[in-house]
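Student: Below is the structure I would like to discuss, written out as structure tokens.
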Amino acid sequence: MKKYLIETWGCQMNEHDSEKLAGMLASMGYLECDEKEDADLIVYNTCCVRENAELKVYGNLGHLKALKKERPDMIIAVCGCMMQQAHIVEHIKNKHPFVDLIFGTHNLHNFPVLLANCKEENKMLVEVWDEEGDIVEGIPVIRKYGLKSFVNIMYGCNNFCTYCIVPFARGRERSRKPEDILDEIKGLIKNGTKEITLLGQNVNSYGKTLDNSVSFAELLYMINEVKGLERIRFMTSHPKDISDELIKAIKECNKVCEHIHLPVQSGSNRILKAMNRKYTKEQYLKLIDKIKKEIPNISITTDIIVGFPGETDEDFNDTLDMVKKVEYDGAFTFIYSVRKGTPAAKLEEQVPEDIKHDRFNRLLDTLHPIVEEKNKEFKNEILEVLVEGESKNNENILMGRTRTNKVVNFEGSKALTGSLVNIKISKPKKFSLYGIIVE
Ligand code: 5AD
Ligand code: SF4
């Protein structure tokens, strides 16, 4: 049997695309393997959201050169967001000509045909679609985790934040039909899924492209009715599109977890405007107040970029102020990375690297004590935890997550994996909680 290895960079959307690639390969009779040396096929599913993700792909491709020389029959395929950009495809053609197949995000479903065609050719096969086609349903999927599954509800993005390459790599917004989403979820539950994460670049604008328009809130109510499902999560939400109807749905749907990932990106009105985020600091803070008032135990996480072109110390201080005012439960923090083809790449006032790094460190110095302090609030609380299995670092310790998405470690039998347990928190740590099982 032929063996494959897929490496994935980037977001959950990419992770889930790799689960589809794995599904298609399994139906072609391929088996997964762990070592490049054993693989008949290596697939790199790439990300282009920041430069360092791209550099990692190039580095990894460089390492494959010798292996390909040793085993010329091995097939190397590169796909994903990076491939949607012509200059990157050109770069791979010039620098890594031993790659056998290049395809993009819009024709992922054609992978089996592309693979068959590429085997017949003696040169690199490149097939990248500039535009998204219709949504293709029914692609086989092999999920990485049985217990927790990703479910796409929409693809693409229409927001064009000025720093972001995603709308160019993933095309315009389009939503799956609710019945297709519900069917997929019901199938997953039969196979042991307890928790789903609904995926979209901007889930709040779900449904706008459907003939019978359904809002994201309405979709949540529908999914909440599915028997056997324990938890519903979703990401990502754009602050400009959070409606009262959605806040009500999160509050009323018992399966929807008390966690919202609400990327703020910056706390400065000037920078938010330059980023084309379409909200002000004041509007964002008002929204946070409203959400906390309606759902008091909600956990709020965010994405923050430091060093956007033209960001001054004053702008950056506004971001620090935002972090202090919101008291985030967690944040993904990024140093601004110039993305060719985006409007911000053309701005002249790029912030010097040393200043970006200094601000990045100052951001973490502000953020981390807040996250730690928030964790301390859980001391002696009893929290519902979905057990995911043994902890990575310690075989005798189990790991699970609260509804608010906090990692909890505790002693217990591996047989508890997949069940909901109540844990009394004895030791809040910096980025996780420790506790004991209670009845
Ligand atoms: N530079 C740095 N961070 C970026 N992000 C998106 N584009 C860039 C960029 N050019 C971050 C944003 C987004 C997250 C997924 O990645 O914070 O929310
Ligand atoms: Fe990128 Fe903005 Fe769309 Fe998010 S909402 S994917 S940051 S353009």
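Student: Just a yes or no: is a residue in segment 150-158 under 16 Å from LEU41 (Cβ atoms), away from ligand 2 (no atom under 16 Å from the Cβ) and touching a helix residue (DSSP H, G or I) at 6+ places or on another chain (Cβ under 8 Å)?
Tutor: No, segment 150-158 contains no residue that is under 16 Å from LEU41 (Cβ atoms), away from ligand 2 (no atom under 16 Å from the Cβ) and touching a helix residue (DSSP H, G or I) at 6+ places or on another chain (Cβ under 8 Å).
Student: Of these, ASP315, ASP303, which one is within 16 Å of ligand 1 (Cβ to nearest atom), charged (D, E, K, R) and under 19 Å from THR236 (Cα atoms)?
Tutor: The conditions single out ASP303.
Student: Taking LEU272 as the residue in question, decide whether it is within 13 Å of ligand 2 (Cβ to nearest atom) and either open to solvent by 60 Å² or more (accessible area, probe 1.4 Å) or free of Cβ contacts under 8 Å to residues at least 24 places away in the same chain (or both).
Tutor: For LEU272, the condition - within 13 Å of ligand 2 (Cβ to nearest atom) and either open to solvent by 60 Å² or more (accessible area, probe 1.4 Å) or free of Cβ contacts under 8 Å to residues at least 24 places away in the same chain (or both) - is met.
Student: Restricting to segment 151-194, and then to whatever is more than 30 Å from GLY310 (Cβ to Cβ) and basic (Lys, Arg), can you tell me which residue is nearest to ligand 1 (Cβ to nearest atom)?
Tutor: My answer is ARG174.
Student: Further question on the same structure: Might you let me know whether segment 308-318 holds any residue that is over 22 Å from LEU55 (Cβ atoms) and within 16 Å of ligand 2 (Cβ to nearest atom)?
Tutor: no
Student: Looking at LEU219, LEU188, LEU198, LEU210, can you tell me which residue is in a helix (DSSP H, G or I), of a type in the set (A, V, I, L, M) and under 29 Å from GLU131 (Cα atoms)?
Tutor: That would be LEU219, the only listed residue that is in a helix (DSSP H, G or I), of a type in the set (A, V, I, L, M) and under 29 Å from GLU131 (Cα atoms).
Student: Another question, if that's okay. Do you know which of the residues in segment 111-150 that are over 27 Å from VAL203 (Cα atoms) and in contact (Cβ under 8 Å) with a residue 60 or more places away in the chain is most open to solvent (accessible area, probe 1.4 Å)?
Tutor: PRO112
Student: Between GLY330, GLY389, which is within 16 Å of ligand 1 (Cβ to nearest atom) and touching a Ser or Thr at 6+ places or on another chain (Cβ under 7 Å)?
Tutor: GLY330
Student: Report, ordered by the first and then the second residue, all pairs with beta carbons closer than 8 Å, sequence separation of six or more or different chains, a first member in segment 85-101 that is farther than 20 Å from ILE42 by Cβ, and a second member that is open to solvent by less than 20 Å² (accessible area, probe 1.4 Å) and in a helix (DSSP H, G or I).
Tutor: Pairs that qualify, where the first residue is farther than 20 Å from ILE42 by Cβ and the partner is open to solvent by less than 20 Å² (accessible area, probe 1.4 Å) and in a helix (DSSP H, G or I), are GLN85/ALA169.
Student: Moving on. Just give me the residues in segment 154-185 being in contact (Cβ under 8 Å) with a residue 40 or more places away in the chain, crowded, with 19+ Cβ neighbours inside 10 Å and among the acidic types (Asp, Glu), in sequence order.
Tutor: None; the set is empty.
Student: Regarding segment 124-143, can at least one residue be identified that is within 16 Å of ligand 1 (Cβ to nearest atom) and closer than 22 Å to GLN12 by Cβ?
Tutor: no
The values are calculated or read from the model by the stated rules, or taken from the named source; none is laboratory data. It should be emphasised that the depicted structure is a prediction, and the values quoted were computed from it without experimental measurement. Glycine gets a Cβ as well: all are built from the backbone with ideal geometry, and neighbour counts include every protein chain shown. Protein only, heavy atoms only, side chains kept; ligands, DNA and RNA dropped before computing areas. Shrake-Rupley method; radii C 1.70, N 1.55, O 1.52, S 1.80 Å.
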